[in-house]
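Colleague: Submitted below is the structure of interest, expressed as C-alpha cells.
Here, each number is a calculation from the coordinates, and none is a lab measurement. Only a predicted model underlies this, so the values are computations on that prediction, with no experimental measurement involved. Neighbour counts are summed over all protein chains in view; Cβ atoms, including those assigned to glycine, are modelled from backbone coordinates with ideal geometry.
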Amino acid sequence: MLISVQQEDFDVAAVTRELCGNRKDLGAVVTFSGIVRDQSTDQNLIALELEHYPGMTEKALEDIAHSAMKRWDIVDLAITHRVGQLKPAENIVMVVVISAHRKEAFDACEFLMDYLKTQAPFWKKEITRQGEEWIEFKQSDQQAADRWK
Amino acid sequence: MANLLYFASLRETLDSDKEQLDLPDNISNISDLKNLLAERGGSWSAAFTSNTSLLVSVNQQMADDQATIQNSDEIAFFPPVTGG
C-alpha cells in the first residue's frame, strides 16, 4: 500500500507504475483523481486551503486502505492526498486500485473515496475574492459512505 | 499534562491551535473535559456546549463523549471532515 499526504503535486502514471511493478497477474487498474472545482457563488475561487491533522490523517488513510484490502479481492492500492493551498483545476486526491478483475477494483476505489471523504481528518476552506469560508460537511457524502455498511 | 489540539473552523473560533492542560482529578472523560472548556466562556462556551457536530479524537483515534482520558493523552477537537 502506498499512502501519502503531501503538498507537492502527484503523477498518477508514475504511482500506477510503482504499484504494478513487474506483476503479471493484474487484469485491472482503476484510478480516480479529484481536482479543485470552483463551486463558489460567482466563480471567483482563488484557491482551496487544505488543512489536515498530521499523524492522525495518515493513520486514518491506512485504516481505510486496510478495510478495502480485507473486503475486496484486490492486489494493492495507493492513496495520495494533497494539503496546503491548491488552485482551481489542480489535483487534490488520487486513488489507484490494482486487481485481477475490474469489478473489485471499481468497488474498492469508490469505497476508498467515500470513506476518505467522511473519515479522514482533512478540512477545506475556500479562498475567494470576497474572503474566506470553510466548506460545510455534506450529508450526501455521509449517505454515500453509509451504503458500504 | 494532556495535549489538546483544535483544528480548522474550531481553531479559528477559539483562536488557539493547541495547549497543554493538567487535567484535574474530577475530569475522567471527554464529556467532563468539554464542560471544563465551556466554563471558559465566550467562544469556548459556544463551541463546547450543545455543539452536536463537534468531533473528538483521543490519541489519534476517533472517540466520543464517554471516552476516558488521562494526562499524557493527545486529545483533538474538530468539525466534520471535508477532504477528498
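Colleague: State whether the residues of region B:69-82 include one that is more than 14 Å from chain A (Cβ to nearest Cβ) and without any contact (Cβ under 8 Å) to a residue 40 or more places away in the chain.
Modeller: No, there is no match, as no residue in region B:69-82 is more than 14 Å from chain A (Cβ to nearest Cβ) and without any contact (Cβ under 8 Å) to a residue 40 or more places away in the chain.
Colleague: What is the residue count in region A:44-68 for residues that are out of contact with any strand residue (DSSP E or B) (no Cβ under 7 Å at 6 or more places or on another chain) and either at negative phi or buried (at least 18 other Cβ atoms within 10 Å of the Cβ) (or both)?
Modeller: The number of residues fulfilling the criteria is 7.
Colleague: Taking the condition away from chain A (no Cβ under 13 Å) and of a type in the set (Gly, Ala, Ser), does B:Ser45 pass?
Modeller: Spelling it out, B:Ser45 is indeed away from chain A (no Cβ under 13 Å) and of a type in the set (Gly, Ala, Ser).
Colleague: Considering only region B:1-39, state which residues are crowded, with 18+ Cβ neighbours inside 10 Å and of a type in the set (Ser, Thr, Tyr).
Modeller: Within region B:1-39, B:Tyr6, B:Ser9 qualify.
Colleague: Let me ask something else about it. Determine if region B:16-33 includes at least one residue that is under 20 Å from A:Lys117 (Cβ atoms), touching a residue at least 12 places away in the same chain (Cβ under 8 Å) and out of contact with any helix residue (DSSP H, G or I) (no Cβ under 7 Å at 6 or more places or on another chain).
Modeller: no
Colleague: Restricting attention to region B:33-60, report how many residues are of a type outside the set (A, V, I, L, M), more than 19 Å from B:Ala2 (Cα to Cα) and part of a helix (DSSP H, G or I).
Modeller: 3
Colleague: So how many residues does region B:48-66 have that are more than 14 Å from chain A (Cβ to nearest Cβ) and surrounded by 19 or more Cβ atoms within 10 Å (Cβ to Cβ)?
Modeller: 1
Colleague: From the list A:Val30, A:Val36, pick out the single residue that is touching a Pro at 6+ places or on another chain (Cβ under 6 Å) and surrounded by 15 or more Cβ atoms within 10 Å (Cβ to Cβ).
Modeller: That would be A:Val36, the only listed residue that is touching a Pro at 6+ places or on another chain (Cβ under 6 Å) and surrounded by 15 or more Cβ atoms within 10 Å (Cβ to Cβ).
Colleague: Can you name the number of the only condition in (1) within 13 Å of A:Ile3 (Cα to Cα); (2) in contact with a Phe, Trp or Tyr (Cβ under 8 Å, 6 or more places away or on another chain); (3) not small (Gly, Ala, Ser) that A:Lys59 fails?
Modeller: The failed condition is (2).
Colleague: Please tell me if A:Gly84 is within 14 Å of chain B (Cβ to nearest Cβ), over 30 Å from A:Leu26 (Cα atoms) and out of contact with any strand residue (DSSP E or B) (no Cβ under 8 Å at 6 or more places or on another chain).
Modeller: No; evaluated as a whole, the condition is false for this residue.
Quick grid of which residues meet (1) more than 10 Å from chain B (Cβ to nearest Cβ); (2) buried (at least 20 other Cβ atoms within 10 Å of the Cβ); (3) free of Cβ contacts under 8 Å to residues at least 24 places away in the same chain; (4) assigned to a helix (DSSP H, G or I):
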residue	(1), (2), (3), (4)
A:Leu77	yes, yes, no, no
A:Val95	no, yes, no, no
A:Leu112	no, yes, no, yes
A:Tyr115	no, yes, no, yes
A:Lys124	no, yes, no, no
A:Ile127	yes, no, no, no
A:Gln142	no, no, no, yes
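Colleague: Hey, can you tell me all the residues within region A:25-74 that are part of a loop (DSSP other than H, G, I, E, B) and either over 22 Å from A:Cys109 (Cα atoms) or within 14 Å of chain B (Cβ to nearest Cβ) (or both)?
Modeller: A:Val36, A:Arg37, A:Asp38, A:Gln39, A:Ser40, A:Thr41, A:Asp42, A:Gln43, A:Asn44, A:Tyr53, A:Pro54, A:Gly55
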